């Protein structure tokens, strides 16, 4: 059953003009508000700056009763409540900064109808006392903001959000709407499942941000990063520099200060008061640059942010785009630049390790609690002590293990008066570490998905494809147009274009060949061969390696032999740059399909490449000789001969003849020295030294074939 239709005390348009001073909605707001005011549960995915907050604030003013807004950040709640109160709207907040006596007063105010909107931190729903206090209060709408936080597959999973589904049941299952700026189809499905939304509507507004110019700049050294930061800050003045760690935030903000630039630092190592002060300085325009870890900016409403710099690679495309979306909220042009160095991915891998401790680590932590517990089954130790005592190394992973044990009901955490650490109480002391029940499959799956997200982020960094198009496709928008403003679209070094019908067919055949030589599992495509072998298979090579691996038995064997190895190698480089192929690094680089390449193989035309020239990347043209067509058997014979000559002279094979020359010999099949000299790559010196054995081999092959 869906939520029942409601009687409105005023229409949305009346409330919009009366309280917000506007006479019309932004694009997409009207259809969302119409669905919510009709009483339906729903999921709203709306990009940063699209007016998401109004989608629940306005219905709250139209309904009887109170609207609860679940929000993850204290600073975000304060900003929202301050803005509402400035408009004369009765709103308040309940979170850990509010003493329990004051919380009770605010709960009483909700009961008496004093408030229309109450912002609540998700951890409040841990306490049964809080849930009991909500009994009898008319909750007209339960709005879950930043809803991606409740999905284990989201980029910012917060365990406290997982309780919201049960909390909804306990307070009578009021109408519920979930809102977020970034969510893949998988995350959207998870949100609806966890909240148990009833016959929900789903509105996914366009993710496109045409006013943002997205760039990814490869950097090798710290000095290069700082040079780019300095240049961007000097040109664009107002913005945010996102760093992966607290240490880097302090370092970069100090460098900016040494340049005479007014910047604030913001990270989790600062006290609540320090963070609030820094945030207010930025919001009040007393500083134009914020250097921060990724939490900064969630819900920050400073419209004139002209740039966002990612000092290191983020852990996912979701995180990247959400943070980039904090630029240009006024609709004016803004730049977003990611300074990419592959070495920075190690920091994100460390975070992934910390977020995914694994079943054995969780049991090790639980065993430590059993061993250390006093007569009241309590342990008063810091996370650092627990890490050392459990024989583990990553304190982040230990924190995650403690959270997992608390969610599973084996322990509970509590504040210790007068101390800056939390205690742990065993709730089921009779259960051994080996006996605790853990969903090990889910733990492994989350770890896998987190690593896949990072892999997708890295793929985007290397791809020479429109940044915005790549992102939109990642979020499920098929056939997205190129933006025309990102670094790839604006690159003069090689313009991309869509495929012709003939080129599209060639690409699909090439991708099908890659698929036949890859392995598809539940985690996606996995490579088994390198580019060289795949090209040899597609051109119908009869080399020993191809035959031994039974690649000549594949349905795609030889389907592109007329194009030759030179053109195909160039095309494969272009497809890799365009994000259709992925190189898996290891002992040998293996080539396989990306998700995007899989879609193109199935028929999607949503891609652009820097297409290689048929003459430059393809076979050489030999005047005076007729192209006999590429014959893989002859090419294989000539290549084996080249290897033999190179080995005899202890030189690399290309010193004899390169692949392009070898292919031309196989195509034009010269029979005399003069004809051989017409082949590009064969001059007098090479003709004198190497040509005769190749001419003889061609003649022997011709006679055997006739």
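The values are calculated or read from the model by the stated rules, or taken from the named source; none is laboratory data. These figures come from a predicted structure and were not determined experimentally. Counting neighbours? That spans all protein chains shown, and the Cβs are built from the backbone with ideal geometry, glycine included.
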Residue satisfying all of: in segment 133-153; outside any loop (DSSP other than H, G, I, E, B) and farther than 14 Å from residue 72 by Cα; nearest to the chain's Cα centre (by Cα) among these: 142
Given (1) under 19 Å from residue 343 (Cα atoms); (2) out of contact with any helix residue (DSSP H, G or I) (no Cβ under 6 Å at 6 or more places or on another chain), index of the condition residue 244 fails: (2)
Among the residues of segment 305-312, are any modelled with pLDDT under 90, farther than 12 Å from residue 244 by Cα and in a loop (DSSP other than H, G, I, E, B)? no
Condition test on residue 91, is it modelled with pLDDT of 90 or more, in the same structural domain as residue 160 (by TED's automatic domain parsing) and within 21 Å of residue 174 (Cβ to Cβ)? yes
Just wondering, is there one or more residues in segment 83-92 that are touching a strand residue (DSSP E or B) at 6+ places or on another chain (Cβ under 9 Å), crowded, with 19+ Cβ neighbours inside 10 Å, more than 23 Å from residue 18 (Cα to Cα) and in contact (Cβ under 8 Å) with a residue 24 or more places away in the chain? no
Residue count, segment 421-457 (criterion: part of a loop (DSSP other than H, G, I, E, B) and either buried (at least 16 other Cβ atoms within 10 Å of the Cβ) or out of contact with any strand residue (DSSP E or B) (no Cβ under 7 Å at 6 or more places or on another chain) (or both)): 13
Number of the exception - residue 330 against (1) in a helix (DSSP H, G or I); (2) closer than 30 Å to residue 52 by Cα: (1)
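I'm trying to understand the selection: among the residues of segment 271-287, which are more than 29 Å from residue 352 (Cβ to Cβ) and assigned to a loop (DSSP other than H, G, I, E, B)?
284, 285, 286, 287
Mind checking whether some residue in segment 267-279 is crowded, with 24+ Cβ neighbours inside 10 Å and at pLDDT 85 or above?
Step one: list which residues in segment 267-279 are crowded, with 24+ Cβ neighbours inside 10 Å, which gives none.
No, the conditions are met nowhere in segment 267-279.
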Based on what the data block shows, is residue 486 under 31 Å from the mean Cα position of the chain (by Cα), farther than 21 Å from residue 160 by Cα and assigned to a loop (DSSP other than H, G, I, E, B)? yes
Hits in segment 274-288 - residues which are in contact with a strand residue (DSSP E or B) (Cβ under 8 Å, 6 or more places away or on another chain) and touching a residue at least 40 places away in the same chain (Cβ under 8 Å): 275, 279, 288
